[in-house]
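A short worksheet on the structure shown next.
The values are calculated or read from the model by the stated rules, or taken from the named source; none is laboratory data. Everything quoted here is computed from the prediction, not taken from an experiment. In this analysis, Cβ positions are derived from the backbone assuming ideal geometry, glycine residues included, and neighbour counts consider all displayed protein chains.
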């Protein structure tokens, strides 16, 4: 359920290729992108905490990682890459806004984005990694 919420937010924010993979497979799939794609990469969480409150269970995803990336050429100058990073930062802000507007998650506070540099993936992509601490607000009453 949370994956579809994140995919919808990435799509609405402007990502043209959305991938959901484990950290180990992400390198293979990003290499299949094309230079015009804005990639939204949801990296599978390795854990989920189930919090019991008021006879309901709340799913808590600690450090759900989403990356927003674009393929660049090795020969591009630093100024070109900086312009790409600025454009991708705007898409990150739109993505976060979509998550907030969905109303599906507990309040999201300060986020610290980190740059994804060209050496991380074989596809020569740059962008931003967004670690998020998400509480999914759909409560399942499992005590009935």
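Could you please find all residues in segment 52-64 being within 20 Å of residue 6 (Cβ to Cβ) and either without any contact (Cβ under 8 Å) to a residue 40 or more places away in the chain or within 12 Å of the chain's Cα centre (by Cα) (or both)? Those that are within 20 Å of residue 6 (Cβ to Cβ) and either without any contact (Cβ under 8 Å) to a residue 40 or more places away in the chain or within 12 Å of the chain's Cα centre (by Cα) (or both): 63, 64.
Identify the residue in segment 13-33 that is surrounded by 15 or more Cβ atoms within 10 Å (Cβ to Cβ) and assigned to a helix (DSSP H, G or I) and, among all such residues, is modelled with the highest pLDDT. So, considering only residues that are surrounded by 15 or more Cβ atoms within 10 Å (Cβ to Cβ) and assigned to a helix (DSSP H, G or I), the one modelled with the highest pLDDT is 13. Is there a residue in segment 65-81 that is modelled with pLDDT under 95, over 14 Å from the mean Cα position of the chain (by Cα), more than 19 Å from residue 35 (Cβ to Cβ) and outside any helix (DSSP H, G or I)? Scanning segment 65-81, I find no residue that is modelled with pLDDT under 95, over 14 Å from the mean Cα position of the chain (by Cα), more than 19 Å from residue 35 (Cβ to Cβ) and outside any helix (DSSP H, G or I), so the answer is no.
For segment 38-47, a residue qualifies if it is modelled with pLDDT under 90 and either in a strand (DSSP E or B) or surrounded by 14 or more Cβ atoms within 10 Å (Cβ to Cβ) (or both), and the qualifying residues are 43, 44, 45.
Candidates in segment 103-119 are the residues that are in contact with a helix residue (DSSP H, G or I) (Cβ under 9 Å, 6 or more places away or on another chain) and without any contact (Cβ under 8 Å) to a residue 24 or more places away in the chain; of these, the one that is farthest from residue 5 (Cα to Cα) is 111.
Can you confirm whether segment 85-99 contains a residue that is touching a helix residue (DSSP H, G or I) at 6+ places or on another chain (Cβ under 8 Å) and part of a strand (DSSP E or B)? No, segment 85-99 has no match at all.
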